[in-house]
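Worksheet: the structure to be examined is printed underneath.
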Amino acid sequence: MARILITGAAGSIGTAIAPLLRERGHALRLLDLQRPAAATPEDEVVLASAVDDGAMRQAAEGADLLLHLASFASERSWRDIVEVNVESARVALDAARDARVPVTVLASSVHAAGFVPSDEAGEGMPRARPDTYYGFSKVVAESLGDLYADRFGMRIVSARIMTFGPRPHDARSRSTWLSPGDMARLVQASFDAPVGNSVVWGVSRNGRRTVSLEPGRAIGYEPEDDAEDHVERLAADLGLASPDDIPPVGSAPLGGTFTDTPLGEPMG
């Protein structure tokens, strides 16, 4: 059994995968500003900010893996992005280093490469081409991962999470969907990550996938879920007569509508 510290545990990803990690026998330490809905009496709950150095260092003590999810999950003002997303990545890495946490998983995002055309993303891991300040913050997180891995010999996984949810919900997510089950498998695979910063795609085994599974396979991540298993319902949700009517992504940017989002304007 391993002890996993999850920051931003009250968010959608933390809420969805906490039960799955618990089922694998892991002990969970859940950090957020509010008590996570997914918390059970067996979990340790830490009510604190992910940008609080002292609280994060204390929370990281004794952890076997730090899963850093805490951040704004979409576009915000420059100040908010820097003060929360960028700063929390630095705080998480400092806490993991000081507490000698064996593995740190940073939640990066597809939006770190949002302007990469979908039809050019299939080989390896494309370079960063952020689509928003939010995407930029994930590029910074990946770069901090490189810095801390190289300087301190840390084992880090930067997961470029694509479209997370219980099932695909639009035409784009037919190729970009990441299921809760596969996110839990990615966390599990990260225990065996090598020294260094492994940048991988957080994506399921979708038949219409446009990105490569090879970076993830290098750390042992083998997704099992496929958006095609939900394609009939997806077509119905979109008001289409058949899955054949779902438009392909073609050369559209990986970041989807984020590439048209005004910089610094909050989304939702």
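The values are calculated or read from the model by the stated rules, or taken from the named source; none is laboratory data. Everything numeric here is computed off the predicted structure, so don't read it as measured data. Every residue, glycine as well, gets a Cβ built from its backbone with ideal geometry; the counts of neighbours run over all protein chains shown.
Filtering region 248-265 for residues that are among the aromatic types (Phe, Trp, Tyr), farther than 27 Å from Gln188 by Cβ and not in a loop (DSSP other than H, G, I, E, B) leaves a non-empty set. Confirm whether Arg29 is over 23 Å from Ser109 (Cβ atoms), assigned to a loop (DSSP other than H, G, I, E, B) and modelled with pLDDT of 95 or more. No: the conditions fail for Arg29. When region 213-262 is examined, which residues are found to be under 16 Å from Gly202 (Cα atoms) and in contact with a helix residue (DSSP H, G or I) (Cβ under 6 Å, 6 or more places away or on another chain)? Listed by number, the residues that qualify are Ile219, Gly220, Tyr221, Pro223, Asp225, Ala227, Leu254, Gly255. Only a single item in (1) buried (at least 19 other Cβ atoms within 10 Å of the Cβ); (2) assigned to a loop (DSSP other than H, G, I, E, B) is not met by Asp170, and it is number (1).
Please work out which residue is nearest to Leu254 (Cα to Cα), limiting yourself to region 149-189 and to residues that are small (Gly, Ala, Ser) and out of contact with any Ser or Thr (no Cβ under 8 Å at 6 or more places or on another chain). Ranking the candidates gives Ala171 first.
Taken over region 183-221, the criterion of being over 15 Å from Val103 (Cα atoms), within 13 Å of the chain's Cα centre (by Cα) and hydroxyl-bearing (Ser, Thr, Tyr) is satisfied by Ser204 alone.
Does region 34-57 include one or more residues that are of a type in the set (Lys, Arg), part of a loop (DSSP other than H, G, I, E, B) and in contact (Cβ under 8 Å) with a residue 60 or more places away in the chain? Let's see the steps before the verdict.
Within region 34-57, the subset of a type in the set (Lys, Arg) is 35, 57.
Then drop every residue that is not part of a loop (DSSP other than H, G, I, E, B), which leaves 35.
Then keep just the ones that are in contact (Cβ under 8 Å) with a residue 60 or more places away in the chain; that gives none.
The answer is no, given that none of the residues of region 34-57 is of a type in the set (Lys, Arg), part of a loop (DSSP other than H, G, I, E, B) and in contact (Cβ under 8 Å) with a residue 60 or more places away in the chain.
One residue stands out among those in region 173-202 that are more than 18 Å from Ala92 (Cβ to Cβ) and of a type in the set (Phe, Trp, Tyr): the one that is surrounded by the fewest Cβ atoms within 10 Å (Cβ to Cβ), which is Trp201. Considering (1) assigned to a helix (DSSP H, G or I); (2) of a type outside the set (Ser, Thr, Tyr); (3) touching a helix residue (DSSP H, G or I) at 6+ places or on another chain (Cβ under 9 Å), the lone condition that Asp119 does not fulfil carries the number (3).
Please pick out the residue among Phe191, Phe258 that is closer than 29 Å to Glu23 by Cβ and among the aromatic types (Phe, Trp, Tyr). Steps first, answer last, please.
On the way: Phe258 fails: closer than 29 Å to Glu23 by Cβ.
Unique residue meeting the criteria: Phe191.
Selection within region 63-92: residues that are of a type in the set (A, V, I, L, M), more than 11 Å from the chain's Cα centre (by Cα) and over 15 Å from Leu31 (Cβ atoms). The member of this set that is surrounded by the fewest Cβ atoms within 10 Å (Cβ to Cβ) is Val82. With respect to Asp150, determine if the residue is modelled with pLDDT of 95 or more and either in a loop (DSSP other than H, G, I, E, B) or of a type in the set (Phe, Trp, Tyr) (or both). It is false that Asp150 is modelled with pLDDT of 95 or more and either in a loop (DSSP other than H, G, I, E, B) or of a type in the set (Phe, Trp, Tyr) (or both). All conditions in (1) free of Cβ contacts under 8 Å to residues at least 60 places away in the same chain; (2) farther than 16 Å from Ala73 by Cβ hold for Glu120, with the sole exception of (1).
Taking the condition within 21 Å of Asp52 (Cα to Cα) and in a helix (DSSP H, G or I), does Leu106 pass? Walk me through how you get there before you give the answer.
Numbers: within 21 Å of Asp52 (Cα to Cα): yes; in a helix (DSSP H, G or I): no.
No: the conditions fail for Leu106.
Applying the set (1) in contact (Cβ under 8 Å) with a residue 60 or more places away in the chain; (2) closer than 29 Å to Met267 by Cβ; (3) buried (at least 18 other Cβ atoms within 10 Å of the Cβ) to Thr104 leaves exactly one unmet item: (1).
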